[in-house]
């Protein structure tokens, strides 16, 4: 209860103080009024007086309040709200904010009605309307109030910051921003440069016009105290062809001449002519003055800044050459020619002068003379001299037009290759070498062939920079002549094929080739080749490894997994057949005897088990007794041991633990079924049955 009492006391005090404070205030458009109505959410936010002078109340509608005091409006509210609400005893009204409603129209980005604070000015109103469009006429803005129009110069306010130049605003005012006459009758994008090219003034009688040899001729707004220097600066200054000694100023009186060069040399302010509204300034071109007597020397040819340079008494040959920036790197300084005004021609050797100045004096230079520096006659070296090392990339090797080419960061590797007219037919596109210019000797490799094959993602192209070197290597010639090309082929990119092949040697290798491609390049194996025992030595791995290939089995089965994976640096060796040497060496063979299709001696392979060895021997015959295969192993000297293997049981219940280990020198014997105990028993039983049968038959008879 105490809390409620203090709250009521606070609002009572606030209401009384607000009403007492605002008794004489007159309500205007834009003001924000707070109406206290306890328990009603619709009255929690202030009500703003619109341009018509009314506020919109819930349940009641519009009530006109403009021009009234708070006391008068409070009485009107009590009468209107008492019809809808029961308890209005605590109703009161106060000013929450004094604001202005101003309408901004014309050449602005967002013409509309804006709300300004009590002290808001014209600039704030323009900002709330989105600012002015390019091409707005700042010196002729309008303020419309109660049917009257007031013209004010907003541009002058921006130049001086004088707020008195802006009219004070009230609610209901209209600010109109006109467009410059330079915008024409069609609205378009109008940038600052276009405005400056034509000037920024709308009334030529109150402006300064500048034309002739200036960078941005036009009509510009006059500012009190404006000088000819400021006028020329508004026109972006004079051009290089301007005759600054004879600038003409046309005002109300006779034309006046002004020497800008003399003013800049002396700094005499008294020489500056007075500028008034309506003044015209003309800057003539200097070509006419050059023809009538200025001492001009022409420097042409291979210099950094060729052109016509004004001379003076006592000027020397080196002075004029220095004015032209000196000779460039293409200039032939031993054949400099000086063409005199009277038609005579002299030659001057600058190199000899540097060696012996006394014996090679400078030629005399006067007005109208021409100094010509020819280009070097050696055009063979010119292609390398045109582009500096740190601005070009060298491309060498198997390209159609190797050389040094200008490089730009917007170019790509393919642009550079296009300048070199593309690779030759012998170019190894799978391994392009790029040497960087960082001085570290690092090399990068790029596979252009793969890039073109997969479609070409430009992000995968090598990133080049000026100073780099790109090398295109050559592929070897025909395999029959490859020995002569070894020097062009790196060993780490080669495959060695040795042994019983048609053309043994070193061959280029890339990702497109496989084992059969390389074997074909070497003209294939000879008739004496042992294709069952091909050896492949893998040199390029971290550890030594050798694999064996049975090429004969590949041709029988077509199993691609039998072919080894070949990489650059590997060696392929195909031995010749040597049955006597291999098969007679019992330490490296396995003998297969008995009921097999191809009994004999076979080269031992540690990767094969007994099943694989029997497969090499053509497999058991139909009469083989595979229940008891005998394996005889020799343990040095004359000692032998025998083991048995039940292959039939293995096929019914496969278990790799049952497979015996085969060693080099072992003998495998597969017996015939007739040699088994069961077969012998059946033979005995068969004989006995025959005797019994004969006995029974005899007894019957």
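The values are calculated or read from the model by the stated rules, or taken from the named source; none is laboratory data. For clarity, every value in this text was computed on a predicted model and none was experimentally measured. Ideal geometry is used to build each Cβ from the backbone, glycine not excepted, and the neighbour counts take in all protein chains shown.
Elements of the type strands (runs of 3 or more DSSP E) sitting completely within the stretch 216-298 and holding at least 1 residues that are modelled with pLDDT of 85 or more and farther than 30 Å from residue 157 by Cβ: these cover 247-250, 256-258, 280-283. Residues that are at pLDDT 75 or above and over 20 Å from residue 172 (Cβ atoms) were ranked within the stretch 26-40; the one that is nearest to the chain's Cα centre (by Cα) is 34.
Taking the numbered list (1) closer than 19 Å to residue 614 by Cα; (2) modelled with pLDDT of 80 or more; (3) in contact with a helix residue (DSSP H, G or I) (Cβ under 8 Å, 6 or more places away or on another chain) in turn, residue 566 passes all entries but (1).
Scanning the stretch 501-554 for residues that are part of a strand (DSSP E or B), surrounded by 17 or more Cβ atoms within 10 Å (Cβ to Cβ) and at pLDDT below 85 gives 505, 506, 507, 508, 538.
Within the stretch 299-314, being outside any strand (DSSP E or B), modelled with pLDDT under 85 and surrounded by fewer than 18 Cβ atoms within 10 Å (Cβ to Cβ) holds for 312, 313, 314. Out of curiosity, is residue 429 touching a helix residue (DSSP H, G or I) at 6+ places or on another chain (Cβ under 6 Å) and modelled with pLDDT of 75 or more? When the stated conditions are applied, residue 429 passes them.
Scanning the stretch 345-361 for residues that are surrounded by 10 or more Cβ atoms within 10 Å (Cβ to Cβ) and in a loop (DSSP other than H, G, I, E, B) turns up 349, 357, 360, 361. Candidates 104, 115: the one that is under 22 Å from residue 161 (Cβ atoms), touching a residue at least 40 places away in the same chain (Cβ under 8 Å), in a strand (DSSP E or B) and not assigned by TED's automatic domain parsing to the domain that holds residue 38 is 104.
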